[in-house]
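Okay, so here's the structure we're looking at.
All of the numbers you see were taken from the coordinates with simple rules; none came from a lab. Note that the coordinates shown come from a computational prediction; the quantities given were computed from them, not determined experimentally. As a convention, Cβ positions derive from the backbone with ideal geometry for all residues, glycine included, and neighbour counts pool all protein chains shown.
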Amino acid sequence: MSTTVVIGADGVESNAGTHAGLDTRTAPEGYASSRQMTLGRMAVDPQAAEFHVGESVAPGGYALGVPEGPGFANVGLGVPIRGAGSASRSNG
């Protein structure tokens with residue numbers, strides 16, 4: 001088999017990337033924590049998704065809202081993990 005492009009969508013520490021000879025390790029500072037859920041009983045504009053960034057909303061991250069049907073929206077928040085690995089740096 002031969003190809004010009006391979007898209008490795010297999011996540012953190014990708015096996016596809018490793019097999020291609022890439023260093024796929026990610027430092028703890030590169031990780032983020034995120035959560036999403038579908039909420040109901042909401043006034044939702046079915047034609048509008050919302051995406052917010054900024055220190056007052058989600059420091060270093062994002063907040064989102066996507067309509068999921070009449071009265072329902074998928075809402076989410078993602079923020080970087082701050083201070084990850086800082087204990088090892090401050091001791092050495």
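Points worth noting:
- Applying 1/(1 + (r/R0)^6) with r as the Cβ-Cβ distance of Asp23 and Ala49 and R0 = 35 angstrom yields a FRET efficiency of 0.50.
- The local environment of Val75, defined by Cβ-Cβ distances under 15 Å, has a net charge of -1 under the rule Lys, Arg +1 and Asp, Glu -1.
- Shape of the chain, Cα gyration tensor, a/c cut at 1.5: oblate
- Residue-averaged 222 nm ellipticity for the chain, from DSSP H runs of 4+ at -39500 (n - 2.57), nearest 500: -2000 deg cm²/dmol
- Working from label points 7 Å from Cα in the Cα-to-Cβ sense, the Met42 to Asn74 distance is 1.2 nm.
- Extended-chain gain in nm, criterion 0.36 nm per residue less alpha-carbon gap, Thr4 and Ala32: 6.9 nm
- Relative contact order (%) - segment 30-90, alpha-carbon pairs under 8 angstrom, separation at least six: 40 percent
- Ile81 long-range amide H proximity, modeled H, under 5 Å: Tyr31, Ala32, Ser33
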